[in-house]
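Below: the structure, in structure tokens.
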Amino acid sequence: MITEEIIKKIQQKKGDYPVFRSAIMSALHEIQNTEGWLSQESLYKVSGMLNIPPATVKGVATFYHMYRHVPMGRNIIQICTNVACMIMGAEKLVDLLKREFGIEAGGTTGDKRFSLVIMECIGACGTAPAMLVNDDFHDNLDEKRVMDILNGYK
Amino acid sequence: MITVTINDREIKFDKAVTILEAARSGGIKIPTLCFFEGLEKFGGCRLCLVEVEKLPRLQTACTVMVTDGMVVRTETDAIIRARKAMLEFLLINHPLDCPYCDKSGECELQDLVAQYGAEEGRFAEGKRRHPESFDDPIIVRNMERCVTCTRCVRMCDGVQRASAITVTGRGDHSFVEPFSGGRYDCEYCGNCLTVCPVGAIMSRLHRHSYRAWFVEDEIETLCGFCGVGCSMILQMRENTILRAIPRMGMGINKGLLCARGRFGYDIIESNRRLTTPLVRKNGELKAVSWAEALGLVAEKFSEIKEQDGGEKFAGIVSPELTNEDNYVFQRFFRETLFSNNIDSIIRMFYAPAQAYFEGIFGQGITANLISGIGKSDAVVVAGGDPTKINPVLGLQVRAASGNGAKVVSLSNAAGLKRFASSEPVARSGSENFLYSALLKALIDTRGLPGRSGSIEQEIGNIKWPNDEEITQRTGLRKSDIEKVAEDLKDPKNISVIIGPDIMINNGLMGLFLIAAIIYVLDARIYLLSERPNEQGVIDTGCMPDTLPGGRPLEISSFREKFEQEMGYGVPGQKGLTLFEMFEAIGKGDIKAAYVMGDNPVFNLPAADRIREAMSGLDFLVVQDAFLSETAKMADVVLPAALWAEKDGTYVNLERRIQRLHRAKKSVGGLEGWQIIAGISGLMGSRMEYNSARDIWEEITRASHLYGSVSYEDLATDKSLWPYKGEPLRSGKWEIKIPEEVVEKTGHGCHVYPDRLLFHSGSFSRYSPALNSIQAEPYAVMHPDTAKSIDIKDGDRIKIAAANGWSIELVSKVDNEIRDFSVRVPNVFEGVCVMSLVDYGIEPGTGAPVWKLSDIKIEKVQ
């Protein structure tokens, strides 16, 4: 559900830019922050609110990696598997999540507790491997630490 | 002056152009893939790379502008290596399925690879996979073949301005898709098909049925679906149309088409076409020979003429037929039958509206170039949606909006949604209150121009409704109207586009108010034209009161001069207008009718009454390509050729004369003039015509309007109004102007005919392609209307009128219908919305004054 509050926020954002088109990205973020993902219906609504053709909104939404197009769990685990993290064992951590929670990259647990996303470098090469859980940053990871951290997210 | 050296040749320019344009103007070829004339420049494919001296890297010729003294080389070893490398990259993913790709033979990638290589790829990765999409009935998408040149997206965004497709994803996951990801649900203009260089977006209509090199002949002709008069090419093999395509830059449409023009050609090949004449025997229509059918018509007509005289005939011509057909028809009626009872469906809007505006402003006032709309700084639209009625003209309105023009839409125009700066739409039935309020507001902001005393005197006579009354009737606030007046305060170069719905509620008062608005704005007038040759019907004298060329036949000096020059007589008293004819038929004053290419018992208001009247005729002849509702009632049905099977001329809504070229021979059907000349000959008046050209020459003699425009002159500026001919009349007519703004109808729901983008009256229902886009009628209404009668989207409903007629169809709820009308297309068999409305006759112009009765809508279980 897109609440009245979000609609109001998006309507306000329209005024922040010289053309409505520029407000697409922040409108999409606004919805993703509460919904967790962008449904086709949400894209259509954004198009209506900004008076932009729906296809144009979809083009923007699918271009950027961090807009999600499938429903996500309550908590999103994002693990970096780029060079430094890979050398320091990030792939083992991915295997661990698969073992413990039965999730593949891009998947969500049956109880909607976690979604797993493989992400690109988050600039923590010195303290690799690293991950984000929702907006929280965690580094110097090993299997135990990962499980301890995740226990804090319900 | 800019001097550029390209491949050691000096070329001079007086303005800056791109290197590509410079090279092409000098006859030097530079290969391109993402470049397309008329689209925004992109510079994405890197195939037009050229060497520019003193610049370190290769440059894209399509985006870099020439400068004075620039030295360019277009084919060096380095360039050829670079192009080969670019193609090698494209071939990493582009499948090598040319043997079964329909594009093979006209594929730009294929041609480029043939020229530059790469013969071998060095990349070991597999190709990207993306299943071909058959979700759409008309367009098939194969995104594995897409080279992401984005021509289709730039066409859809920048020219068609429908923005229905986009590049989704990124990198090698980039695919061009509509919003749904499946069906397009767009305007189906198919202009993306024109620009796709590879086999990524293709028409399903001829999929795998032929290869590009099977085309034996290309015939340049006109589209027969509306009054814009777009040029297109029919690609032929033997006697079959393979497909209809535009050519970029060609014709007034400059290479753009709409759904009807591009996909509706299959109507010509429809298996429902009539192939033999039919004659009613023992109550049933039976196939007979041409000789028998024409003999019977001649015999019956001779009998009625001798017994009762010419005034017992009614002749209905069609704006779908050529000038030649219509001219010969009026000659037959006047010379052979001695009757002036000739009229057509343009009596509904085009003819009376034009007569009215010409009466006020002078002859030829509506003859404005469509391309001028795009250059206007304001556009006012009333009485219909130009993007649906005349789609290619509608693009000009969108273009004007793109250039910063103020677009004011006074009617339901969903196609102008993102383009209108204001859309004050009055509640159905109260449009005249909106027009008068707007007129008053415009006089306040712009003042009266003082050019015409008589118009200003009439404006002075108007009894203005007060503000509360306007708000109460129209549902619009005073500020809505003031905003429009503010938008229209300063523009100097204004176009006013008027559609057929203006006649529905508003009558002459509506036309006068619009005329006064035009006068105050000093605007150009465009009349939307639903059929291809509405102007031609007027010009060829297929009117009860005018001769070919538009001269009134009741003025004896005109008539006598005409008779003398043409060698045939014309009755001196004007005939009956279309609706007067039906009244007369109903009273038994007319015994026989000849309907040429129209379907009045379906297309005209009070269709049921007209059907009843027609069934009382002694003898009805219908000439048509299909067994229409009217043809089913006929005593004789004569199969006719359609536009692709004809030579001849059409006159479009700009009053531009254009030529049709025969692409194929009709199977069984004859051209209108051939049939008429045959009947006339059997009745003792021989008409010596061998071709459409002979008739054209006679028309130019008969119509001083066309002056001496020869066939060769068509497609030159001589085929444009005023044709370098004689002016026909000067001065102005006396026009009766009502003083009071009154509401024609109550506050209930009213049913209106909906004008569809995908259909062209009751005629295009025979096109399988257009039916695959829209095969079902629906009743579209605003959510508030739906709520008030407890109807949901998709409900099956019954709409009943006070006259006892009803139709059953599916409802569609759409908040684009802003005036609380219920709109139903008058296209599909069995759903005749015209039977739900009634009319009266406006005495001055003979136009029908619509009577919209309140309707009752209920859900069908």
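Only the coordinates and a few stated rules stand behind these numbers; no lab work does. Remember, it's a predicted structure, so these values are computed and weren't measured experimentally. So basically every Cβ, Gly included, is an ideal-geometry build from the backbone, and we count neighbours across all protein chains shown.
Here are a few things to note about the model shown:
- In this structure the amide hydrogen of residue B:6, modeled in the peptide plane, comes within under 5 Å of the amide hydrogens of B:11, B:72, none closer than 5 places in sequence on its chain.
- Efficiency of FRET between residue A:149 and residue B:489 - r from beta-carbon atoms, R0 45 angstrom, step 0.05: 0.10
- Residue-wise HN-Hα coupling along the stretch B:600-615, computed from phi with Karplus coefficients 6.51, -1.76, 1.60 (Hz; x: Gly, Pro): x, 6, 10, 8, 9, x, 6, 3, 5, 5, 5, 4, 4, 4, 5, 5
- Where only DSSP H runs of four or more residues are counted, chain B gives -8500 deg cm²/dmol as its mean residue ellipticity at 222 nm, each run worth -39500 (n - 2.57).
- Separation of alpha-carbon centers, the stretch B:456-471 and the stretch B:135-159, rounded to whole Å: 52 Å
- Cα convex hull of chain B, projected area averaged across orientations, nm²: 38.9 nm²
- Extending 7 Å from Cα along the Cβ direction at residue B:467 and again at residue A:74 yields two label points whose distance is 5.8 nm.
- Gain on full stretching of the segment that runs from residue B:377 to residue B:123 - 0.36 nm per residue minus C-alpha separation: 86.1 nm
- Per-residue HN-Hα couplings for the stretch B:298-311 [Karplus 6.51, -1.76, 1.60; θ = phi - 60°; Hz; x = Gly/Pro]: 4, 5, 5, 4, 4, 4, 5, 4, 5, 6, 10, x, x, 6
- Mean-position separation - Cα centroids, the stretch B:214-242 and the stretch B:609-669, in angstrom: 19 Å
- Residue by residue along A:46-55, Cβ atoms of other protein chains within 10 Å of the local Cβ number 4 on average.
- Extending 7 Å from Cα along the Cβ direction at residue B:697 and again at residue A:95 yields two label points whose distance is 9.3 nm.
- Maximal additional length on extending the residue B:573-residue B:185 stretch stands at 134.4 nm, based on 0.36 nm per residue less the C-alpha distance.
- Ranked for footprinting exposure by Cβ neighbours inside 10 Å, fewest first, B:157, B:717 give B:717, B:157.
- Modelled spin labels at residue A:37 and residue B:208, positioned 7 Å past Cα toward Cβ, are 3.5 nm from each other.
- At an R0 of 22 angstrom, the distance between the Cβ atoms of residue A:136 and residue A:29 translates into a FRET efficiency of 0.75.
- In the stretch B:750-859, lysine pairs closer than 18 Å at Cα, eight or more apart or cross-chain: 12
- Counting only other chain Cβ atoms within 10 Å of each residue's Cβ, the peptide A:58-66 averages 5.
- Neighbour counts of C-beta atoms inside 10 Å place A:131, B:683, A:147 in the sequence A:147, B:683, A:131, starting with the fewest.
- A cut-off of 5 Å between modelled amide H atoms, ignoring neighbours fewer than 5 places along the same chain, links residue B:241 with no other residue.
- The angle separating the long axis of helix A:90-101 from the principal Cα axis of greatest extent in chain A is about 80 degrees.
- The stretch B:350-527: C-alpha gyration tensor shape, a/c 1.5 cut-off, then a/b vs b/c: rounded
- Between helix B:502-521 and chain B there is an angle of about 60 degrees, using the helix long axis and the longest principal axis of the Cα atoms.
- Trypsin sites (Lys or Arg not before Pro) within the stretch B:649-686: DSSP coil, no more than 11 neighbouring Cβ in 10 Å: B:665, B:686
- Summary of the geometry: the stretch B:789-827 and the stretch B:831-855, compared by the centres of their Cα atoms, lie 18 Å apart.
- Pairs spanning more than 19 Å between alpha-carbon atoms, out of B:388/B:646; B:388/B:492; A:92/B:127; A:45/B:483; B:15/B:492; B:406/B:492: B:388/B:646; B:388/B:492; A:92/B:127; A:45/B:483; B:15/B:492.
- Angle in degrees between helix B:350-361 and the longest Cα principal axis of chain B, rounded to the nearest 10: 90 degrees
- Backbone geometry of the stretch B:792-803 corresponds, through the Karplus equation with coefficients 6.51, -1.76 and 1.60 at θ = phi - 60°, to 3J(HN,Hα) couplings of 10, 4, x, 5, 8, 10, 10, 10, 10, 9, 5, 6 Hz, x marking Gly and Pro.
- Hypothetical label at residue B:708: residues of the stretch B:663-701 whose amide nitrogen lies under 12 Å (7 Å Cα-Cβ projection): B:701
- Here residue B:555 and residue B:418 are evaluated by their C-beta separation; at R0 = 45 Å the FRET efficiency comes out at 0.35.
- Close amide-amide hydrogen proximity is noted between residue B:797 and B:809, B:810, B:811, B:860, each under 5 Å apart and 5 or more residues distant or on a separate chain (H modeled in the peptide plane; Pro and chain starts excluded).
- For the segment B:694-701, counting C-beta atoms of other chains within 10 Å of every residue's C-beta and taking the mean gives 0.
- Residue exposure sequence - A:42, B:421, A:26 - by fewest surrounding Cβ within 10 Å: A:26, B:421, A:42
- Among beta bridges that DSSP assigns inside the stretch A:75-151, antiparallel share in %, nearest 5: 55 percent
- For residue A:154, the lysines whose Cα falls under 18 Å of its own Cα, not counting residues fewer than eight places away in the same chain, are A:98, A:112, A:144.
- Hits among lysines - C-alpha to C-alpha of residue B:305 under 28 Å, sequence gap 8 or more where chains match: B:281, B:286, B:561, B:574, B:587, B:591, B:632
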